[in-house]
Amino acid sequence: MKKVVILGLGDVLQGDRGAACRVLESVAKETAGKSVHISYLGGNPSFAGGLMYKADLAIIVGTLSLSGVPGGLHVWNGSVFKQHADWMAEEDPAVYRLLTALARADLADGFPEKLIFIWIEPKSMQGYQISKPVRGAIDMAARRIRRELLVLGWEEMEQQQESSNAPLAVACMDSW
């Protein structure tokens, strides 16, 4: 059975920075009871390496201002992330902690086989409301994750798992 991990970074009390939690909620509804581990790590992904250890697919979702259009989606593979890691670590302490966690997984010979980053371009980081353009990006990010699961062999994963009434693994406390 393939190991799939989807992690979210952000802060639900800082407007659009809480978008990753909403993406994970959407994906969790469709993957409840399946062999997909979903965790919202907020601003402290220090233990992400252990969660991603020897994963076949690890997807990290967050918001990142890349001077693009609000609600824009940026999908990076591990090598693109590595190219930008230095400046990102200086800009965001969560990215620095994530880099440390990834380095530990690599040192333990457990780096994920495939690593994907999905960044949503924020519009507002005030309050706890998600802006309208970012709400659209949340749907696009969830669709992209579904597509990655299909590429990995989602049909096989669905057949191998029994249906379950397991509770959702993600809960965001803010409202639209």
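A few remarks follow.
- Contacts under 8 angstrom Cβ, first residue in the range 31-51 being over 13 Å from Ala103 (Cβ atoms), partner acidic (Asp, Glu) and part of a loop (DSSP other than H, G, I, E, B), 6 or more apart: Gly33/Glu162; Gly42/Asp11; Gly43/Asp11
- Of all the residues in the range 128-176, those that are surrounded by fewer than 17 Cβ atoms within 10 Å (Cβ to Cβ), within 13 Å of Ala19 (Cα to Cα) and at pLDDT 90 or above number 6.
- Taken over the range 23-33, the criterion of being surrounded by 16 or more Cβ atoms within 10 Å (Cβ to Cβ) and either under 13 Å from the mean Cα position of the chain (by Cα) or charged (D, E, K, R) (or both) is satisfied by Val23, Leu24, Glu25, Ser26, Val27, Ala28.
- Qualifying residue in the range 34-51 (condition: in a loop (DSSP other than H, G, I, E, B) and more than 15 Å from the chain's Cα centre (by Cα)): yes
- Of residues in the range 1-22 being part of a helix (DSSP H, G or I) and out of contact with any Lys or Arg (no Cβ under 9 Å at 6 or more places or on another chain), the one surrounded by the most Cβ atoms within 10 Å (Cβ to Cβ): Ala20
- Restricting the search to strands (runs of 3 or more DSSP E) fully inside the range 54-127 and requiring at least 2 residues that are at pLDDT 95 or above and closer than 19 Å to Lys2 by Cβ gives 57-63, 114-120.
- Residue satisfying condition, being in contact (Cβ under 8 Å) with a residue 40 or more places away in the chain, in contact with a Phe, Trp or Tyr (Cβ under 7 Å, 6 or more places away or on another chain) and under 19 Å from Ser131 (Cβ atoms), within set Leu73, Leu64: Leu64
- Residue pairs whose Cβ atoms lie under 7 Å apart, separated by 6 or more positions or on different chains, with the first residue in the range 3-21 and among the aliphatic types (A, V, I, L, M) and the second assigned to a loop (DSSP other than H, G, I, E, B) and surrounded by 24 or more Cβ atoms within 10 Å (Cβ to Cβ), are Leu7/Pro45; Leu9/Pro45; Ala19/Gly10; Ala19/Ile130; Ala20/Gly10.
The values are calculated or read from the model by the stated rules, or taken from the named source; none is laboratory data. Bear in mind the structure is a predicted one, so any value in this text is a computation, not a measurement. Glycine gets a Cβ as well: all are built from the backbone with ideal geometry, and neighbour counts include every protein chain shown.
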